[in-house]
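Reviewing the structure listed below.
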Amino acid sequence: MSIPALPDPAIAEAYAAINDRTPVVMLVGRAGTGKSHFIRSLVESNPGYPQALLAPTGLAAMNIGGQTVHSFFGFPPRPLIGNAEKPSYFFTRTARAISRLIIDEVSMLRADVLDAMNTHLQVARKSSRPFGGVQMLLVGDFYQLPPVVRGDEGQLLEDAGYNSPYAFSAHCLRDAPIAGVELTEVHRQTNQDFISILSSIRERRGIEEAVTILNTVCLDRSLPKRPVLLCATNAVADGYNARGLSSLEGTAARYTGGFEGEAPKAQSDRFPAPMELVLKRGARVIFTQNDPEGRWVNGSLGTVKAFDEDIVQVLLDAGEEVDVGRAVWPQARWSWNAKENRMEVKEEFKYVQFPLAPAWALTIHKAQGMTLDSVEIDLGRGAFAPGQTYVALSRARSMETLRLTRPISARDVQVDPAIAEGLQRIGF
C-alpha cells in the first residue's frame with residue numbers, strides 16, 4: 001500500500017503502523033486535523049481489501065457510508081458487560097474472512113462494546129490473539145463526544161472493573177500491542193492564536209485566559225455573514241427554527257424523507273437530513289452532505305429561493321445559486337461472499353431526502369464533523385456534556401466568524417479527567 005504524499009508526518013506514521021499489521025492502531029486528533037480524510041484515503045486506496053467501516057451510532061455510520069457496530073456484530077441493544085452470546089453463523093463466516101475493521105468516532109464507543117467485539121472475533125476466528133487477529137483501526141477524538149451511559153450503567157461498568165466508559169478502558173487493550181498516532185496539523189483553522197485557544201478549551205488548560213479572550217472578542221459582535229446558531233438541546237434548536245420559518249410569508253412546502261430497500265426498524269433522530277423537511281422561500285438552510293460535483297460541502301449555508309416537487313433552488317452564502325435534488329445516504333452491510341471468495345458491501349437501505357436542514361439553529365451534536373463559515377453559540381444554561389463547548393467552538397473557521405450570545409465561563413468547559421489518564425496509559 002502506497003503512502004499518500006501528505007505534509008503531516010503523523011499520516012506516514014499511521015500508514016506505517018497499518019502496513020506493519022500492528023494489531024490495534026489508534027488514530028486521534030483534534031477537530032479539523034483530517035481524520036475523516038485519512039479514513040477515506042485508506043478505503044479508496046484499498047478497494048479490494050477485506051475490511052469493514054463501522055461507527056458506534058446510526059448517524060455516524062450513515063455519514064461515512066458504513067455500518068453500525070451493533071448491526072455488524074449482531075449485538076443486542078443492551079449493555080454488553082460480560083457478553084457471552086455466541087456469534088451467529090453469518091457473522092462467523094464474515095469474521096473469518098475479514099482482515100481489518102475501521103471504527104470511526106471511537107470516542108462514542110463504550111469499553112464494554114469493544115471488549116464484546118474482541119470476544120466475538122476471537123470465538124468466530126478460533127484465535128486467542130487480540131480481536132482474533134483482525135487489525136483494528138480506531139479513529140476519533142476523545143475530547144469531543146463521549147459514550148452514552150444511561151441510568152445505572154455507569155455503576156455497572158465500574159463494578160465490572162472499567163476505569164471509565166471510554167474505549168481505551170476496555171480490558172482487551174491492556175495487553176494488546178497498540179500504535180497510538182496523533183494528528184496535530186489543523187486544516188480547518190489557520191489562525192494560530194485561535195488554534196491555541198481551541199487547544200486550551202479542548203484540554204482545559206489555561207482556561208481562564210482562553211475564555212477571557214473569547215468573551216472579549218466574540219461576545220455580541222456583528223458578523224459579515226448570517227450565522228447558524230449552535231445550541232445544546234433539540235428543544236432550543238427546534239424553537240429557533242420554528243420561529244424563523246413562521247416569520248416568513250408565503251406557502252410552505254413539506255418534503256418527507258423515505259427509504260429505498262428495507263426500512264430500519266428503529267427510526268429516530270439519527271438521519272442526516274430531517275425526516276420532515278419544511279421550507280419556505282427565504283428559509284435559511286444548511287447542507288448536510290458534500291455535493292459530488294463540488295458545489296457545496298457538508299456545512300455550507302444558504303437561503304431558499306424557489307422550490308418544486310423535485311428541486312430546491314438555494315442561493316449559497318458564497319454567492320452561487322444552485323439547484324438541489326434529493327440525495328441518498330446508504331446504510332451498508334459488510335459480509336463474506338463465499339461464491340466469489342471476497343468481502344462484499346451491500347446496501348441494507350438508502351435514506352432519501354434533500355440534503356438540507358433548517359439553519360437558523362442546529363444542535364451541537366448534529367454539527368459534529370461540520371465546518372461552518374459563520375457561527376453563533378448559545379449554551380443556554382450551560383454545557384451539559386464533556387467536550388460540548390469545544391465541539392461548538394471548533395466548528396468555526398476563525399474567531400472572525402464566531403459570535404457568542406452570552407459570556408462563556410470556565411464552568412461551561414467540561415473535560416473528563418479520565419481522558420488524559422487513559423490516553424497516557426496507552427502511550428499518548
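The values are calculated or read from the model by the stated rules, or taken from the named source; none is laboratory data. Just so we're clear, the structure is a prediction, and the values are computed from it rather than from any experiment. Here Cβ is always computed from backbone atoms with ideal geometry, including for glycine, and neighbour counts include all displayed protein chains. When the accessible area is computed, the model is the full protein with side chains, heavy atoms only, and any ligands, DNA or RNA have been set aside. Shrake-Rupley method; radii C 1.70, N 1.55, O 1.52, S 1.80 Å.
Scanning the chain for helices, which whole DSSP H stretches are 20 Å or more long along the axis (Cα) and average -0.5 or more by Kyte-Doolittle? Walk me through the numbers on the way to the answer.
Details: long enough: 111-125 (21 Å, 0.06).
Helix filter hits for the chain: 111-125.
Remark: region 9-187 carries 39 Å² of accessible area per residue (probe radius 1.4 Å; ligands, DNA and RNA excluded). Here R381 and S128 are evaluated by their C-beta separation; at R0 = 35 Å the FRET efficiency comes out at 0.10. If I take every Cα pair under 8 Å that is 6 or more residues apart in region 9-187, average their sequence separation and divide by the length, what percent do I get for the relative contact order? Computed value for region 9-187: 35 percent relative contact order. Could you point to the residue in T57, T94, P47 farthest towards the positive end of region 18-105's charge dipole, with +1 and -1 charges on the Cβ of Lys/Arg and Asp/Glu respectively? Comparing the listed Cα positions along the dipole, T94 ranks first. To the nearest 10, the accessible area of T33 is 0 Å² with a 1.4 Å probe.
Once both labels are positioned 7 Å from their Cα atoms along Cα-to-Cβ, the gap between Y89 and D220 label points is 6.9 nm. For region 149-272, the fraction of C-alpha pairs farther apart than 25 angstrom is 63 percent. Taking Cβ atoms as reference points and 15 Å as the exclusive limit, the residues near A318 contribute a net charge of 0, counting Lys and Arg as +1 and Asp and Glu as -1.
Report the calculated FRET efficiency for E309 and E208 (r = Cβ-Cβ distance, R0 = 51 Å), to the nearest 0.05. Please list the in-between numbers first.
Details: r = 55 Å, r/R0 = 1.07.
According to the calculation, E is roughly 0.40.
Could you give the length gained by full extension between A420 and N19, i.e. 0.36 nm per residue of separation minus their alpha carbon distance, to one decimal place? Show your work: numbers first, answer last.
Details: separation 401, 0.36 × 401 = 144.36 nm, distance 2.78 nm.
Length gained, A420 through N19: 141.6 nm.
Per-residue accessible area (protein heavy atoms, 1.4 Å probe) orders R254, R96 as R254, R96, starting from the largest. Peptide packing for 406-415, 146-155 was compared via the average number of neighbouring C-beta atoms within 10 Å per residue; ordered from the highest value, the list is 406-415, 146-155. Could you state the number of Å between the C-alpha centres of region 224-261 and region 362-379? Here the answer is 14 Å between Cα centres. For R411 and K339, a Förster radius of 56 Å and the Cβ-Cβ distance give a FRET efficiency of 0.40, rounded to the nearest 0.05. Extent of region 9-187 along its three principal axes (Cα atoms, max minus min coordinate, largest first): 40, 34, 32 Å.
In terms of the mean number of neighbouring beta-carbon atoms within 10 Å, the peptides 40-50, 311-321 order highest first as 311-321, 40-50.
Sorted by packing (mean other beta-carbon atoms within 10 Å per residue), highest first, where do 278-290, 223-235 land? Before the final figure, lay out each step's value.
On the way: 278-290: 20.3, 223-235: 17.8.
Top of the packing list down: 278-290, 223-235.
Computing the accessible area with a 1.4 Å probe over protein heavy atoms, can you report the carbon and sulfur percentage for the chain?
Here carbon and sulfur together make up 49 percent of the probe-accessible area.
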